[in-house]
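Report on the structure given below.
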Amino acid sequence: MPLYRIQKDSGCYRSCKQGRKLMAKEMTYIGKRTPGLDERDKVLGNVIYADDFTLPDMLYARVFRATKPSALIKKLNVEKARNLPGVACVLTADDVPNNESISNVVGQTTEVGLLEAKHQVLVKNRVRYYGEAVALVAADTIDAANRALELIEVEYEEIPGVFDPIAAMKPDAPKLHGNNNIIAQWKLRKGNIEKAFAESDVVVENTYRTPRQEHAHLEPESGVAWVDDMGVINIRSATQVIEHYRDVAAVLGIPQSMVRIEGTIMGGAFGGKEDVTVEVFLGLLAWKTRKPVKLTFSREEMGFGRQKRHPYILKYKTGATKDGKLTAMEAEIISDAGAYVYLSPWVLLYSTVHSTGPYFIPNVKVDSFSVLTNNIMTSAFRGFGAMQVAFAYESQMDELAEKLNMDPFELRKKNFLKKGSETANYQKITSDVLLKESVEKALGALGEKSTSSGSKKIGRGFACSWQSYGRMTYLHDTSSAWVGLELDGSAVVRSGIPDLGGGQRESLRAIAAQILGLKIEEVHVISTDSQVTPLAGTVTATRALFMSGNAVKLASENVLNIITRTASKMLKVSAEDLYLRDKLVYTSGGESIPLVKVIKECAAEGSMPQSLATYKAPFTDPIKTDVIKDPVFADFTFGAQAAEVEVDTETGIVTILKYASAQDIGQAINVNRAEGQIEGGAAQGIGFGLMEDYLEEKGVPLTWNLATYLIPTSKDLPDIQSIILESKSGKGPFGAKGVGEPSITAAAPALVSAIYDAVGVRIKHIPATPERIYWSLHNSDT
């Protein structure tokens, strides 16, 4: 029986104060550099990724995709493909039981915009973007599958499309769905914006643009599927969300209990494997053929067939007094959602809440729009809407400082949010805000400034950021975990949370080992199986440690209580007088009893030391209007990044000489992994700021592989210094905060600030490519 259906024990929903007292007082594993679970195997090439799996008599699948961004399908002929020797199956929209796939979030009840994401599994009549899936093929060999694609005949009738989000907002624009291309609109309203600007001594107004970014994870979307002898569809895939078994069941029209998803070790995701990728296609083909099927997207498919980061147009107006106090901020934010809704309204909500930056601004007016176009789809990406607005609000702060003849750091210090501050959506900051310390650490890490020489100019810059961790509070987020002790004293942790490579399983293991007083190698983690592990929710929104870490902590504390209650009777002392260490149960006086003996006594009493616990995140009522006036997130992570660059005025080429990122992560669980997240976030943010841009021309991709779409390599990156600050004030286990997404947010504005310091040009449209810098230097009208 799947563990998530087991009856929860009575203590699983409340925090165990006694357990916290009883655990080993010293931090044995929390905040330490603990070894990775799979580091050796990864180095030796022994890790089995999704594309490595093979099954007997397995079919190979391919996807036939549209080659027009906006068209009607007048004729689709797949008979030649079906009749090709070796082809087992060719599916079109007519073969899909429920061709409209609906991605919804449990607990989401707001009716603002189309927050229920709908899309067609396979194109029925109308193509809305280049690369949209039209048909599926499964064959005995990959060569036969590829040949079958060539035999599919399609006749298009091109129809007018819309490729600019501003144009798409106009009443006479071609409509992609229904009668309006605006799928979501959010607002912030605080104070009297007109009066505040009139009383401001300095006002800065600019328009910024950010690029469409490709996830560019090394591992492609991939998976295998088969129907077992119980009739259950088993799907083993690289996914951030094992709960997609529900989507597969909905498309096939079968009970959810008849679909199982097992997650694999992943070679990167960054939000690119949050939406359904191969799972529905695999489920359809395995169900229709009753044979094992494998599907792996090509690098080109990853380019034109998968979602990207939203490109934004941001119009900002910011006011301040002559002594540097922010008075007002007004912004219009327009997001290109692409052809379908997906997660765009929620990404926009994050942008709207974070649009003011980590600053107290008494008067705010923000209008944000998510708009459908015939461009490639956009959805989740590391940073989730907070990244685009950070480029705008930090660029505004730099220009304000210049106009006020004030040091940029001094200006920020006058306006930083503090614990107890109220944000523009009237949310109180409840944790510590170490922004001042973060900037000082990041700038200090750069050391002595390098010297300019000839055409190569040196500049420095920094940027601050804030980003929520955990999902929106009105989603009533939960995460479950099971922890149990075996008869030999070792422990098992079961959690449905996927491991994206960020050390999620290692963190859960460290938390259980810390609380139960075990050696870390005595704790085994079983994860990512929708019918074996308790459902833990998605590895998204920087929620994995926050949610699953707290769930494992609760379950471990419950197990600890069972052990100490039994041991207290055996030792005839109070349970509060006991703690665990090295498979021994100790009294405060030093007397001990073997843990194994206590476990056997628990078994004899019929009270095994195991617990299924569910952590419930702080929650609020749903947003009832498009004006955001209530808390939206449980907490925020604050940090800063600083860069020293060399800009060649003859070519516009930027070389990063030094780089540092300082993040208050509350409490590091595994220092190695935390530093890796900070470094990786900075590297990906550098790509966003300097070179990455997924280009399309009227909806047709121009950069659909890694030869044309450039990402930073080791030669492009400096030695990134990862600096951990620990306020211990977060809502995660032991006071931890999330770091996976906050680590990327400030990179682009820090780099643009450094470029300005070097050569005196402000880049307002990123990436800051050599071409943009060169023409900004040599042609003021460009």
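The values are calculated or read from the model by the stated rules, or taken from the named source; none is laboratory data. On a predicted model such as this, the values are computed, not experimentally measured, just so you know. FYI the Cβ positions are ideal-geometry reconstructions off the backbone, even for glycines, and counts take in every protein chain you see.
Only one of these conditions is not met by Thr703: (1) surrounded by fewer than 19 Cβ atoms within 10 Å (Cβ to Cβ); (2) more than 27 Å from Thr378 (Cβ to Cβ). Which number is it?
(2)
I'd like the full set of residues that are aromatic (Phe, Trp, Tyr) and assigned to a loop (DSSP other than H, G, I, E, B), limited to region 407-432.
Once the filter is applied, which keeps residues that are aromatic (Phe, Trp, Tyr) and assigned to a loop (DSSP other than H, G, I, E, B), region 407-432 yields only Tyr426.
I'd like the residue in region 37-75 that is of a type in the set (Gly, Ala, Ser) and in contact with a Gly (Cβ under 7 Å, 6 or more places away or on another chain) and, out of all such residues, is farthest from Lys294 (Cα to Cα).
Ranking the candidates gives Ser70 first.
May I ask you to list the residues in region 132-158 that are outside any strand (DSSP E or B), over 34 Å from the mean Cα position of the chain (by Cα) and surrounded by 14 or more Cβ atoms within 10 Å (Cβ to Cβ)?
The answer is Asp140, Ala144, Arg147, Ala148, Leu151, Ile152.
Of Thr655, Thr637, which residue is among the polar types (S, T, N, Q) and buried (at least 24 other Cβ atoms within 10 Å of the Cβ)?
Exactly one residue qualifies, and that residue is Thr637.
Collect the residues in region 736-777 that are part of a loop (DSSP other than H, G, I, E, B), touching a residue at least 24 places away in the same chain (Cβ under 8 Å) and among the β-branched types (Val, Ile, Thr), keeping them in residue-number order.
Val739, Thr745, Ile766, Thr769, listed by residue number.
Would you check which residues across region 558-576 are in a helix (DSSP H, G or I) and surrounded by fewer than 17 Cβ atoms within 10 Å (Cβ to Cβ) and list them?
Listed by number, the residues that qualify are Lys569, Met570, Glu576.
Quick one: which residue in Glu506, Glu521 is without any contact (Cβ under 8 Å) to a residue 12 or more places away in the chain and either of a type in the set (Ser, Thr, Tyr) or over 24 Å from Phe633 (Cβ atoms) (or both)?
So the residue among Glu506, Glu521 that is without any contact (Cβ under 8 Å) to a residue 12 or more places away in the chain and either of a type in the set (Ser, Thr, Tyr) or over 24 Å from Phe633 (Cβ atoms) (or both) is Glu521.
Taking region 723-734 as the search range and keeping residues that are outside any strand (DSSP E or B) and within 21 Å of the chain's Cα centre (by Cα), which one is nearest to Ser661 (Cα to Cα)?
The qualifying residue nearest to Ser661 (Cα to Cα) is Gly730.
Quick test for you: out of Ile623, Ile665, Ile678, pick the one residue that is in contact with a helix residue (DSSP H, G or I) (Cβ under 7 Å, 6 or more places away or on another chain), more than 30 Å from Lys187 (Cα to Cα) and either assigned by TED's automatic domain parsing to the domain that holds Ile744 or buried (at least 20 other Cβ atoms within 10 Å of the Cβ) (or both).
Ile678
Could you check region 640-681 and list, in sequence order, the residues that are basic (Lys, Arg) and either at positive phi or not in a strand (DSSP E or B) (or both)?
Answer for region 640-681, where residues must be basic (Lys, Arg) and either at positive phi or not in a strand (DSSP E or B) (or both): just Arg673.
Given the condition in the same structural domain as Ser452 (by TED's automatic domain parsing), within 19 Å of Gly501 (Cβ to Cβ) and charged (D, E, K, R), answer yes or no: does some residue in region 714-735 qualify?
No, region 714-735 contains no residue that is in the same structural domain as Ser452 (by TED's automatic domain parsing), within 19 Å of Gly501 (Cβ to Cβ) and charged (D, E, K, R).
If a residue has to be polar (S, T, N, Q), surrounded by fewer than 23 Cβ atoms within 10 Å (Cβ to Cβ) and more than 23 Å from Met387 (Cα to Cα) to count, how many in region 189-233 make the cut?
Matching residues across region 189-233 total 2.
Scan Ile628, Ile599 and give me the residue that is within 30 Å of Arg412 (Cβ to Cβ) and crowded, with 20+ Cβ neighbours inside 10 Å.
Result: Ile628 is the single residue among Ile628, Ile599 that is within 30 Å of Arg412 (Cβ to Cβ) and crowded, with 20+ Cβ neighbours inside 10 Å.
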